[in-house]
Amino acid sequence: MKGQGVGPQSVKVIVAGGFGTGKTTLVGAVSEIPPLTTEEVLTQVSEGVDDTGGIESKTTTTVALDFGRRTIASDLVLYLFGTPGQDRFWFMWDELSRGATGAMILVDPRRLATSFPAIDYFEARGIPFVVAVNLFHGQRRNTLAEVREALQLEDSSVPLIECDARDAPSCRAALIALVEHAMARMPALPEAVG
Amino acid sequence: MENPDEQWVDESATPLFDNYSRIGGRARARHTLSLDTQVRAVGSVDRAAVTVEHAQILELLANRWLSVAEIAAHLHTTMNVIRVHLSDLLEERLVAIGAPSGRHGRPSREDLQKVINHLRAM
């Protein structure tokens, strides 16, 4: 491509989960800069509503994304992207997922169901993910085994871990678990896969 | 406006209006620029010869690589608008883009190990 430079390699990690599960707190705990927010304006062509004689009906929605960065080396940067709060912005999730190393799904143990759409999304696309049960609100009430049972994870090798989004070492440990899981999922001959 | 007292667009709408008027109403970039595509200014340019927006981007990208998402956040505009500006700057060979983390530029096993080591050492 024209204007191609070498540039640093980026490692993109998605931080997903229902509203209020501590996504931005976790991004901030690892980022070297205060989490940034950017917006994308999405245009959708309405389909099948009525026949307007070839005139397309469009609607626009603005989706906000929080993200952080961590410089690993002069040629390697880690980006953490939080998913938009509303699960309905799936096209934004598709863009976030392109080239992503993996996803961390934060789960509020009191509201497990809010994380079901995220789990379904990454399971369906074969994107490596870990489930981090956020202890943000104090004592957990369920054992991890109970949470795993409730989440009905298709793949029993998906790591299920506890973390406290307010505690930076805990966030880093959860992130390490995700990257290790993603590495374990890499093909033996990474060059053979385009 | 016929009636200057008539507030037909509120303040929050103004930046978007300006942004889109500045990119000629275009909303689709001609280059594939992911959120984490790395961009950097290259060459030298006569500041007077480029638009204010292009000059701002080139200043931000002088001597460093930044992702598309970071450029948009730093310049308080949407990624759509930034992508169009970056496409223009690419055509004019005033910026270069780095390896995207797309299908062909995924991080290697070694890269991921470096991330783990870095997080452990923090």
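Only residues that are small (Gly, Ala, Ser) and either within 17 Å of A:Arg148 (Cβ to Cβ) or in a strand (DSSP E or B) (or both) were counted across segment A:112-132, and they come to 4.
The numbered conditions (1) at pLDDT below 90; (2) over 19 Å from A:Tyr79 (Cβ atoms); (3) hydroxyl-bearing (Ser, Thr, Tyr); (4) under 11 Å from the mean Cα position of the chain (by Cα) are all true for B:Ser34 except (2).
Among residues that are β-branched (Val, Ile, Thr), assigned to a strand (DSSP E or B) and within 10 Å of chain A (Cβ to nearest Cβ), B:Val81 is not included.
Inside segment A:85-108, residues that are more than 10 Å from every other protein chain (Cβ to nearest Cβ), in contact with a Leu (Cβ under 8 Å, 6 or more places away or on another chain) and crowded, with 21+ Cβ neighbours inside 10 Å make up a count of 4. The residue of segment B:84-115 that is modelled with the lowest pLDDT, among those that are in contact with a Lys or Arg (Cβ under 6 Å, 6 or more places away or on another chain) and within 7 Å of another protein chain (Cβ to nearest Cβ), is B:Ser101. Here B:Thr78 fits the description: in contact with a strand residue (DSSP E or B) (Cβ under 6 Å, 6 or more places away or on another chain), at pLDDT below 95, surrounded by 11 or more Cβ atoms within 10 Å (Cβ to Cβ) and among the hydroxyl-bearing types (Ser, Thr, Tyr). Taken over segment B:44-78, the criterion of being within 25 Å of A:Thr71 (Cα to Cα) and part of a helix (DSSP H, G or I) is satisfied by B:Gln56, B:Ile57, B:Leu58, B:Glu59, B:Leu60, B:Val68, B:Ala69, B:Glu70, B:Ile71, B:Ala72, B:Ala73, B:His74. Within segment A:66-84, the set of residues being outside any strand (DSSP E or B) and of a type in the set (Ser, Thr, Tyr) comprises A:Ser74, A:Thr83. Of all residues in segment A:25-37, those that are within 13 Å of A:Leu78 (Cβ to Cβ) and surrounded by fewer than 21 Cβ atoms within 10 Å (Cβ to Cβ) have Cβ atoms under 8 Å from Cβ atoms of residues that are of a type in the set (Ser, Thr, Tyr) and modelled with pLDDT of 95 or more, 6 or more apart or on another chain, in A:Glu32/A:Thr71.
The values are calculated or read from the model by the stated rules, or taken from the named source; none is laboratory data. Since the model is a prediction, treat every value here as computed from it, not as a measurement. For neighbour counting, all protein chains shown are included, and Cβ atoms are generated from backbone atoms with ideal geometry for every residue, glycine included.
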